[in-house]
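Notes follow once the structure below has been shown.
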Amino acid sequence: MRIFVVVVHALAGLFVEDGAFALTIIAVVAIAGACTALLPNGAWASGFILLLGCLVTLLVNVILARPRGG
């Protein structure tokens, strides 16, 4: 049972270690979901929002996390 708790804790840490990153991904998913719900044929737009939003979020997070200095 202890190993299960350790694995769940490690998986949760992947999502909440960087709070801003996790919140941004949740926001992108929420926007894509709203687009699907509000637009009659919004599936393609929702997919585009998910793709572009997640890629931009990842890129910004990598740029901000890079080591500073020479």
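None of the figures in this text is laboratory data; all of them are computed from the coordinates on show. Predicted model only: the values in this text are computed from it and were never measured. Cβ coordinates were reconstructed from backbone atoms using ideal geometry, including for glycine residues, and neighbour counts include every protein chain displayed.
Brief remarks follow.
- GNM flexibility winner over the chain from Leu39, Leu58, Leu50 (Cα, springs under 10 Å): Leu39
- For the chain, the longest principal axis of the alpha carbon atoms and the long axis of helix 2-16 meet at an angle near 50°.
- Exposure proxy ranking for Phe4, Phe21, based on other Cβ atoms within 10 angstrom of each Cβ and starting from the fewest, stands as Phe4, Phe21.
- Contact order normalised by residue count of the chain, Cα under 8 Å, 6+ apart, percent: 27
- 3J(HN,Hα) along the range 39-49: 9, x, 10, x, 5, 5, 5, 5, x, 5, 4 Hz, from the Karplus curve 6.51 cos²θ - 1.76 cosθ + 1.60 with θ = phi - 60°, whole Hz, x for Gly and Pro.
- Set against the labelled values [x] 16, 29, 21, 14, 12, 7, 1; [y] 21, 59, 19, 1; [z] 18, 33, 27, 17, 4, 0, P(r) over Cα pairs in 10 Å bins from 0, in percent computed from this structure falls on [z].
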